1. About the Cα centre of segment 6-157, what is the dipole size in debye to 20, counting +1 per Lys and Arg Cβ and -1 per Asp and Glu Cβ, all else neutral?
2. If you take the square roots of the eigenvalues of the alpha-carbon gyration tensor of segment 166-218 and sort them as a ≥ b ≥ c, do you get rounded (a/c under 1.5), prolate (a/b over b/c) or oblate?
3. Specify whether the C-alpha gyration tensor of segment 58-176 places it in the rounded, prolate or oblate class, a ≥ b ≥ c being the square roots of the eigenvalues: rounded for a/c under 1.5, otherwise prolate if a/b is larger than b/c and oblate if not.
4. Dipole size in debye (nearest 20) for segment 109-180 around its Cα centre, Lys and Arg Cβ +1, Asp and Glu Cβ -1?
5. Suppose every K and R has +1 on its Cβ and every D and E has -1 on its Cβ; what is the size of the dipole of segment 166-218 about the Cα centre, in Debye to the nearest 20?
6. What is the gain in length, in nm to one decimal, between LYS158 and GLN181 on full extension, counting 0.36 nm per residue of separation less the C-alpha to C-alpha distance?
7. Over segment 3-94, how many percent of alpha carbon pairs lie in each 5 Å bin up to the one with the longest distance?
8. For segment 97-160, what does the alpha-carbon gyration tensor say about shape, rounded, prolate or oblate, given a ≥ b ≥ c as the root eigenvalues, a/c under 1.5 as rounded, and a/b over b/c as prolate?
Amino acid sequence: MSRLPKLVDFFNACLSERGASLALAAIQVATWYTPATLSRLIGSSKPQVRMSAAWGLGLIGQESHLESLGHLLRDEMRGVRSAADEARRGILFRTQSPWQRRTVEEIEDLLASSDLDKASCLADQLVEETELRSDAYFVRAWVRFCNIQWESAIEDCKKTLMIDPFCYRACAALGQCYWHQNRNAAARECFYESVRLYPDFEPAHVALRIMHGSSSLA
């Protein structure tokens with residue numbers, strides 16, 4: 001039995017069954033494939049295989065696979081791009097510790113209630129306890145953005161991108177910081193880079209349309 005059709009079967013079955021257990025799907029994928037094999041399969045000439053391999057890495061891959069999945073964010077097929085994006089987010093979430101997940105949720109709640117001081121302290125703790133995790137720096141960048149600390153937010157966006165150059169959200173957030181500083185040329189460059197990294201990220205497209213509209217009215 002060919003392994004390629006089996007992987008595609010797992011993927012299609014998970015899509016067709018609402019409420020299907022991702023834990024069970026992960027066991028099935030891990031029984032047939034290693035992350036190294038899936039990493040090779042994302043280079044397949046067949047879009048359905050690339051899509052299925054990206055989905056599989058989202059279930060059993062590690063942070064080391066974020067880069068290879070990042071290249072798929074620019075794939076010619078939208079379905080492959082979406083699968084790669086979901087896989088990257090899945091890996092980042094799955095590799096967080098329970099404490100990290102609770103802390104991120106608490107920070108989000110604090111931001112929602114406008115308790116920016118507590119959110120800032122907790123974001124600092126998150127970065128200190130999870131050194132070299134791009135998502136920790138990005139959470140703190142957002143907290144600093146909400147605190148109107150543009151330079152500090154810029155620093156954290158850049159640190160996020162140093163760890164994960166494919167984090168298009170951090171690239172767009174960097175553009176937002178520059179925009180608020182009236183550094184429009186730098187902001188525009190960041191939004192274009194965000195779109196280059198992931199063509200389907202609508203907020204970056206919206207920002208560019210607004211900037212172009214503002215320029216034409218000036």
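1. For segment 6-157, the charge dipole is close to 960 debye.
2. oblate
3. It comes out prolate by the Cα gyration axes.
4. Magnitude of the dipole: close to 280 debye.
5. Rounded to the nearest 20 debye, it is 100 debye.
6. Going from the current span to full extension adds 6.7 nm.
7. 3, 16, 30, 29, 18, 5, 0
8. Oblate, because a/c is 1.5 or more while a/b does not exceed b/c.
Laboratory data are not the source of any read-out in this text; all were calculated from the coordinates shown. Owing to the predicted nature of the structure, the values given are computational and were not obtained by experimental measurement. Neighbour counts run over all protein chains shown; Cβ positions are idealised from the backbone, glycine included.
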